[in-house]
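Read the figures in this text as sums done on the coordinates, not as results from a lab. Quantities reported herein were computed from a predicted structural model and do not represent experimental measurements. Here the Cβ is made from the backbone with ideal geometry for all residues, glycine too, and neighbour counts use every protein chain on show.
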Amino acid sequence: MKVGITLIMLIVWTQLIFGQKEFVVEIRKTGATIQPEMYGIFFEDINFGADGGLYAELIKNRSFEFYHPFIGWTPFGDVKILNENPCFDRNPNYVRFHEQGWRSGTGLENEGFVGIGYKKNNTYNFSFFARVPDKKEKKFRIELIDSNANIIGKAYIQVKGANWEKYSCTIKASATESKGKIRLVLETPGIADLDHISLFPSETWKNRPNGLRKDLVEALYDLNPGVFRFPGGCIIEGNTLETRYQWKNTLGPVENRPTNESRWNYTFKHRFFPDYYQSYGLGFYEYFLLCEDLGAEPLPVVNCGLACQYESKECVPLENLTPYIQDALDLIEFANGSPSSQWGKVRAEMGHPQPFNLKKIAIGNEQWGEIYVERLVKFIDAIRKTYPKIEIVGGSGPVPDGDKFDYLWPKMTELKVDLVDEHYYRSPEWFLKNADRYDNYNRKGPKVFAGEYAAHDRNRNNNLRSALAEAAFMTGLERNADIVQLATYAPLLAHKDAWQWKPDMIWFDNLSVVRTPNYYVQMMYANNSGTNVLPITLNAKPICGQDSLYASAAIDTKTSEIILKIVNASDVIQNINIKLEGLKKGIKNNEIKLTTLHTNNPDEINTFEAPLTIVPAHTSIQATGNKFQLTMPGNAFYVFRLKINL
Ligand code: AHR
């Protein structure tokens with residue numbers, strides 16, 4: 001009884017405080033185009049997102065090229081690192097096994113990326129390059145091991161010949177294990193050399209060799225991304241210029257792509273990863289191919305001649321910038337050039353004679369100051385001269401306001417870049433407050449690319465509160481689609497046991513994937529973007545977060561659908577009326593399809609134990625004439641979709 005009275009009082013109170021809300025959408029006033037690429041993804045190899053994540057290789061340090069070459073490996077018996085007469089000139093280290101009847105035997109174990117994930121009855125493709133200098137045939141035993149030291153898969157390889165050759169076998173796992181390892185044992189006495197020891201699940205995305213983890217790509221695919229920014233982020237800058245991301249090193253046979261130290265190994269002392277390196281197995285060719293698979297427009301970022309300005313003062317003198325500029329030009333040729341061009345030929349030889357249709361390139365990541373501008377100018381001149389149709393993305397620094405930002409934006413306008421990349425990692429409150437950020441932006445300069453953003457709640461969790469703040473902010477991006485043309489959340493991926501940065505859009509361990517509420521917000525936007533903006537008001541006023549309500553409206557002119565997005569970022573139920581002004585022949589079947597994202601507790605997150613705690617739900621409501629109404633709970637994001645009769 002008491003509960004009932006309290007509930008009625010709460011509803012009355014809510015009505016008094018919040019009253020009726022009327023959204024009016026003017027469906028005949030088709031506004032700015034929403035770019036089909038608008039909602040996309042940004043992938044950076046942070047949080048073991050590439051090696052140990054999207055790139056399906058299960059062995060860490062497969063080429064023994066980490067600074068300490070046995071990182072990831074446990075040798076037993078007589079195993080040495082050598083590099084004379086190597087198999088791969090750019091990854092010269094290899095191991096020599098010398099079996100002389102040790103009690104331990106002679107071999108190696110690899111720990112994977114915080115373990116190796118095995119699935120019962122799945123098969124795994126194992127391979128290595130090997131030679132036996134004494135030309136006497138040697139037998140290797142390969143074992144999949146679970147976390148209790150049990151053998152859950154076994155195979156043998158015979159190695160013969162004094163020249164390097166590739167050997168492979170398939171191993172079936174008899175049990176599921178998320179933190180397994182692999183063991184190699186030389187069974188025959190004598191010497192054998194091994195390099196590039198590799199293990200992939202047989203099942204990868206599209207079952208490509210050197211492939212990508214299927215469940216993770218499926219998560220990206222479901223996002224329906226329009227644009228795909230890659231590969232960084234700070235990764236592009238490097239802690240030093242030597243360790244910057246060099247795209248040319250990521251091409252050709254994977255065995256000979258030189259291993260690079262990760263920018264994210266020692267950045268945070270409280271999340272310290274001396275075993276973080278880049279194999280470049282997921283390189284630029286794989287990236288372009290993935291863009292194609294996902295139907296996303298590529299947006300590569302290149303180094304502009306500066307190492308990460310937070311970490312280093314290293315800066316390429318202007319007179320030495322030519323190779324960096326040439327790298328940018330060559331990248332465009334690699335993507336778009338004919339197979340008879342130098343870099344188009346490399347692409348064709350890797351298996352893709354057709355161009356990748358690159359339209360945009362970003363120069364620099366979070367650079368700032370005059371040193372950035374004077375370098376950027378040189379890139380712009382060269383790119384405009386050779387590729388006048390390629391759009392150029394310039395930066396506005398690491399934060400969305402303040403000195404660096406205020407200095408760079410006018411410079412970008414002066415330099416006539418096509419888009420300016422803005423980054424905002426701010427509190428949910430900031431995101432809500434800034435939902436109208438672009439309402440009064442200068443329309444005459446470059447367009448905006450919201451290149452990295454995420455709402456950082458106090459605990460930095462991927463909770464519903466942060467997701468709703470992003471959804472609310474994105475209503476502002478969408479309403480201003482004439483100036484905001486691209487948006488990509490960051491970072492994209494994080495390994496549960498090996499992350500450096502959070503929040504992140506998708507979490508994974510060695511066997512499973514958790515899609516966060518932030519992921520679902522992105523998915524709901526990208527799958528419901530519409531083609532053009534429609535004007536929308538709340539109680540006859542422009543939308544600016546009145547009573548914690550945020551909204552945008554769009555039309556899909558191809559399907560005659562009206563799409564409406566509303567966020568209720570308050571904790572209370574709100575009564576919403578929606579009116580479609582200008583509707584002539586009604587709504588098809590009077591039916592409004594509704595996708596909702598909501599839980600009562602905004603602190604809630606999706607976990608590995610309960611990954612479906614916050615997921616979109618689908619329902620429908622009925623319209624009367626050109627109106628419909630509903631009661632919207634607090635802490636909710638709704639997408640409405642309806643077809644108008646023509
Ligand atoms: O997304 C994580 C990092 O945040 C990016 O590498 C960098 O651009 C930004 O500081």
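Look at the Cα gyration tensor of region 236-387: its axes a ≥ b ≥ c give a/c of at least 1.5 with a/b at or below b/c, and that counts as oblate. What is the sum of charges around Gly476, taking Lys and Arg as +1, Asp and Glu as -1, for the other residues whose C-beta is under 9 Å from the C-beta of Gly476? Spelling it out: positives minus negatives among the neighbours equals -1. By other beta-carbon atoms within 10 Å, ranking Phe200, Phe70, Phe48 with the fewest at the front produces Phe70, Phe200, Phe48. Normalising by residue count, region 73-201 has a Cα convex hull of 96 Å³ per residue. For region 330-415, the Kirkwood estimate of hydrodynamic radius, built from reciprocal distances between every pair of different alpha carbons, is 14.3 Å.
Distance from the C-alpha centroid of region 578-634 to that of region 247-315: 40 Å, rounded to the whole angstrom.
Gyration tensor analysis over the Cα atoms of region 224-322 returns equivalent ellipsoid semi-axes of 23, 17, 15 Å (largest first, whole Å).
Ordering of 273-282, 619-628, 354-363 by packing is 273-282, 354-363, 619-628, highest average first (other Cβ atoms within 10 Å, averaged per residue). Using C-alpha pairs below 8 Å separated by at least 6 residues, the relative contact order for the chain is 16 percent. Relative to the dominant Cα principal axis of the chain, helix 214-223 is inclined by about 20°.
Pairs Lys558/Lys579; Lys502/Lys558; Lys359/Lys385; Lys80/Lys496; Lys80/Lys181; Lys558/Lys593: which are spaced more than 27 Å apart, C-alpha to C-alpha? Correct reply: Lys502/Lys558; Lys80/Lys496. Separation of the alpha carbons by more than 19 angstrom is noted, of Lys139/Lys166; Lys360/Lys447; Lys360/Lys416; Lys313/Lys411, for Lys313/Lys411.
Pairs of C-alpha atoms in region 418-516 farther apart than 17 Å represent 52 percent of all such pairs. For the chain, the longest principal axis of the Cα atoms and the long axis of helix 284-294 meet at an angle of about 40 degrees.
Val514 sits among other residues whose Cβ lies under 15 Å from its own Cβ, and their net charge, with Lys and Arg +1 and Asp and Glu -1, is -4. In whole angstrom, note down how far apart the Cα centers of region 327-379 and region 460-485 are. Taking the Cα centre of each part, region 327-379 and region 460-485 sit 30 Å apart. Note on region 148-190 and region 30-77: Cα centroid distance 25 Å, given to the nearest whole angstrom. Mean residue ellipticity at 222 nm, helices only, the chain: -6000 deg cm²/dmol; runs of at least 4 DSSP H residues each add -39,500 (n - 2.57), and the sum is divided by the number of residues.
Quick one: net charge around Val254, please, counting Lys, Arg +1 and Asp, Glu -1 for every other residue with C-beta under 10 Å from its C-beta.
Taking every Cβ under 10 Å from that of Val254, the sum is -1.
Averaged over residues, the count of other Cβ atoms within 10 Å places the peptides 367-380, 156-169 in the sequence 367-380, 156-169, highest first.
What order do you get for Met38, Met350, Met523 when you list them from fewest to most C-beta neighbours inside 10 Å?
Values: Met38 24, Met350 18, Met523 21.
Exposure proxy ranking, most exposed first: Met350, Met523, Met38.
Highest average first, the peptides 232-243, 184-195, 77-88 ordered by how many other beta carbon atoms sit within 10 Å of their residues are 232-243, 184-195, 77-88. Taking a straight line from the alpha carbon of Lys214, these aspartates and glutamates sit under 13 Å away, with near neighbours fewer than eight places off in the same chain left out: Glu57, Glu203, Asp222, Asp293. Dividing the convex hull volume of the alpha carbon atoms of region 471-511 by its residue count gives 81 Å³ per residue. For region 92-155, the gyration tensor built on C-alpha atoms gives a prolate shape. Its axis ratio a/c (a ≥ b ≥ c) is at least 1.5, and a/b is the larger of a/b and b/c. Against the compact-protein benchmark of 2.2 N^0.38 Å, the Cα-based radius of gyration of the chain scales to 1.06. On the principal axes of its alpha-carbon atoms, region 533-646 has extents of 48, 29, 23 Å, going from largest to smallest. Could you state the angle between the C-alpha long axis of helix 464-479 and the longest principal axis of the C-alpha atoms of the chain, as a value from 0 to 90 degrees rounded to the nearest 10? Its long axis makes an angle of about 70 degrees.
Taking trypsin sites (Lys or Arg not before Pro) across region 477-574, the ones in a DSSP loop with at most 14 further Cβ atoms lying within 10 angstrom of their Cβ are Lys558.
Note on region 491-579: Rg/Rh from Cα positions, Kirkwood definition for Rh, rounded to two decimals, is 1.10.
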